[in-house]
Amino acid sequence: MPDTTTTNYALVKPEVGASSDTWGTKVNTNLDTIDTELKAVSDVADAAQTAAAAALPSATYTAADILTKIKTVDGAGSGLDADTVDGIEGSALLQASAYTAADVRTKLLTVDGAGSGVDADLLDGQQGSYYENIPARLGYTPANRAGDTFTGPCTFTTITATTITGTSDARLKADILPLNGSTCLRQLEDAGGWSFRIATQPRTGVIAQTLIDVGLGDLVTEDPETGYLSVNYSDLMGPVIAAISHLADRVRTLEAERDAAK
């Protein structure tokens with residue numbers, strides 16, 4: 001039976017009862033092969049042991065160690081998610097230093113308008129259209145132009161003007177009657193003139209409650225919300241003029257009587 005070989009390394013297996021002059025050579029060759037293979041395995045084992053000994057235990061592996069390792073493969077194409085923002089490489093992003101106000105405006109314009117949710121579209125939480133109807137927002141119609149007029153009761157702390165006029169055309173009036181100068185004089189005497197303070201400001205004038213007491217209540221208005229009384233000083237001029245006219249008549253009468261007595 002001829003020589004055979006082993007399955008894995010093809011070592012020669014001498015024929016039993018034969019190879020009397022060659023079996024020694026064959027055995028020596030096999031031993032050399034085995035020696036070589038064993039040495040290779042030993043070298044690999046030694047290298048593995050050295051690597052294992054040099055390995056850092058996971059318990060002492062710090063974040064800095066991990067960062068150092070990551071940096072060895074950092075950069076575009078590394079496949080690390082840390083190299084991307086929402087899956088986009090940093091090179092595809094616009095640098096903030098290069099992002100101008102015009103760029104921001106262009107982006108905002110893509111969502112500008114009612115319902116965009118951008119606060120720049122709102123004023124105090126309201127769309128601009130909310131303020132188109134100013135009287136509806138204020139609850140009254142503002143007068144801010146020459147010729148504008150106020151209707152209804154108005155309250156002002158201070159009015160500064162070159163001229164203040166009131167409607168006085170006879171064509172707009174009805175039931176025109178003269179005031180009784182004597183009565184007006186008595187009423188004004190009883191009402192009196194007063195000095196006082198409102199808040200910290202010194203004032204002169206009349207007292208609303210006193211005008212009511214002397215019969216001039218038509219000149220007094222009560223605020224429906226606060227209950228405070230106010231006086232129509234403009235209409236107070238009527239009784240004042242009537243009283244002055246009455247006094248003028250008395251003066252003329254007295255002068256005439258004096259002259260007749262001479």
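The values are calculated or read from the model by the stated rules, or taken from the named source; none is laboratory data. Bear in mind that the values here come from a model prediction, so they are computed numbers and not experimental data. Neighbour counts are summed over all protein chains in view; Cβ atoms, including those assigned to glycine, are modelled from backbone coordinates with ideal geometry.
Summary of computed values
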{"quantity": "Residue within the range 206-216 that is in contact (Cβ under 8 Å) with a residue 24 or more places away in the chain and either of a type in the set (Lys, Arg) or touching a Pro at 6+ places or on another chain (Cβ under 8 Å) (or both) present", "calculated": "yes"}
{"quantity": "Residues satisfying the stated conditions in the range 43-60, i.e. at pLDDT 80 or above and of a type in the set (A, V, I, L, M, F, W, C)", "calculated": "44, 45, 47, 48, 51"}
{"quantity": "Residue in the range 61-82 that is part of a helix (DSSP H, G or I), of a type in the set (Ser, Thr, Tyr) and at pLDDT 80 or above present", "calculated": "no"}
{"quantity": "Criterion: in contact with a Lys or Arg (Cβ under 9 Å, 6 or more places away or on another chain) and either modelled with pLDDT under 95 or surrounded by 14 or more Cβ atoms within 10 Å (Cβ to Cβ) (or both) - qualifying residue of 243, 261", "calculated": "243"}
{"quantity": "Within the range 51-75, considering residues that are surrounded by 10 or more Cβ atoms within 10 Å (Cβ to Cβ) and not aliphatic (A, V, I, L, M), the one farthest from residue 13 (Cα to Cα)", "calculated": "75"}
{"quantity": "Looking only at the range 186-240, and only at residues there that are on the phi > 0 side of the Ramachandran plot and touching a helix residue (DSSP H, G or I) at 6+ places or on another chain (Cβ under 8 Å), the one that is surrounded by the fewest Cβ atoms within 10 Å (Cβ to Cβ)", "calculated": "192"}
